[in-house]
Amino acid sequence: MSALAERLVLVSLLFALVFAGYTLAYCARDLKRVGHALSAFVFNIALPAMLFHLMSDLSGLPTVDVRLLLAFFGGCLLVFLVGRLVAARGFGLDGVSGSVFALGGVFSNNAMLGLPVARIMLGDAAIPAVALVMVFNALILWTLVTVSVEWARHGSFSWTGFARTTGKVLANPIVMGVMLGCLWALTGWEMPVSVHYGLDVLGNSTGPVALVALGMSLAEFGVASGWRLSLAISGIKLLLQPMVVWLLALALGLPEIETQAVVLLASMAVGANVYLMARQFRALEGPVASSLVLSTALASVTTPLMLALTH
């Protein structure tokens, strides 16, 4: 079996868990609270615990080429600008709606989808690279769209908004898990065997649970609202962004594991944070909600194709 076929099979199995969760929640609407509780557990406990455990042993992990931040976020900036142009010229959207549209093309579902898929497909060796992107992801991209929206509304930038965004990012459980794990590694203390075993068991279960929880949460959204906009957002997110990130990684001469990590993260479906931003600015709520479901379904095919570029 070719490498591409193997990746397609593996990714299909992973996304099958997402669709299983979606079907379960869609068919049994009374499980809505269960889905919310499961998502909260994964985001606030399981994923932070897994990252803390992995990052607490920095000496056993490969070093990370920090130029991957230039490849990933440089790609985000370029694609965001393209998204603004498409929104204005192609759909006639105003500055606020265009900013939300463009954010959908660059903000990946890295926590509930990217991290579990990266660990299963690329192994623990890719986790430091993934964690580094995740630490800066929300801060940089939320700041980018906030600046874009405020500029569209007022023609100026607010430091108050930037400070508020920074505070939210630092309080993010995922970021806290990475930072606390790194701090533990710096102490040189040996983790108790019982704690190590418990975190290991929790970490091994996190990937499948996160994918099922993601599917259950997606069942709340439809796919009919603003399908042209949602299809455009999904196309930019799943095809253009990973291509641009891959080209930047090649130009920078990134090692293979960093290149694979940033391309995989760039190829992930639209993140739920984009919907939160759409609700905050009261712009494109329907199309963004649709893009969450649509891009997740399409990513089961496009992600392995994008990863094939890295070989």
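The values are calculated or read from the model by the stated rules, or taken from the named source; none is laboratory data. Not measured: the values here are computed from a predicted model. Backbone-built Cβ (ideal geometry, glycine too); neighbour counts: all protein chains shown.
A few remarks follow.
- Qualifying residue in the stretch 68-82 (condition: farther than 27 Å from Pro242 by Cα and surrounded by fewer than 17 Cβ atoms within 10 Å (Cβ to Cβ)): no
- Residue in the stretch 22-33 that is within 30 Å of Ala171 (Cβ to Cβ), modelled with pLDDT of 75 or more, under 21 Å from the mean Cα position of the chain (by Cα) and of a type in the set (A, V, I, L, M, F, W, C) present: no
- Residue among Ser234, Ser300 that is crowded, with 24+ Cβ neighbours inside 10 Å and touching a residue at least 40 places away in the same chain (Cβ under 8 Å): Ser234
- Residue count, the stretch 258-311 (criterion: at pLDDT 90 or above and over 16 Å from Lys237 (Cβ atoms)): 4
- Taking the criterion of being part of a helix (DSSP H, G or I) and exposed (fewer than 15 other Cβ atoms within 10 Å of the Cβ), the residues of the stretch 177-202 that qualify are Leu183, Leu186, Thr187, Val193, Ser194, Val195, His196, Tyr197, Gly198, Asp200, Val201.
- Hey, Leu254 outside any helix (DSSP H, G or I), modelled with pLDDT of 90 or more and within 21 Å of Phe72 (Cα to Cα) or not: yes
- The set of residues from the stretch 279-293 being surrounded by fewer than 24 Cβ atoms within 10 Å (Cβ to Cβ) and in a helix (DSSP H, G or I) comprises Arg279, Gln280, Phe281, Glu285, Gly286, Val293.
- Matching entry among Ser217, Ser205 (being in a helix (DSSP H, G or I), in contact (Cβ under 8 Å) with a residue 60 or more places away in the chain and either of a type in the set (Val, Ile, Thr) or surrounded by 17 or more Cβ atoms within 10 Å (Cβ to Cβ) (or both)): Ser217
- Restricting attention to the stretch 294-311 and to residues that are in contact with a helix residue (DSSP H, G or I) (Cβ under 6 Å, 6 or more places away or on another chain) and outside any helix (DSSP H, G or I), the residue that is nearest to Phe91 (Cα to Cα) turns out to be Leu309.
- A single entry from Ala37, Ala46 fulfils the requirement of being buried (at least 18 other Cβ atoms within 10 Å of the Cβ) and either within 30 Å of Leu183 (Cα to Cα) or touching a residue at least 60 places away in the same chain (Cβ under 8 Å) (or both): Ala46.
- Any hit, the stretch 261-270, residues being surrounded by fewer than 24 Cβ atoms within 10 Å (Cβ to Cβ) and part of a helix (DSSP H, G or I): no
- Residue within the stretch 159-175 that is under 24 Å from Ala138 (Cβ atoms) and modelled with pLDDT of 75 or more present: yes
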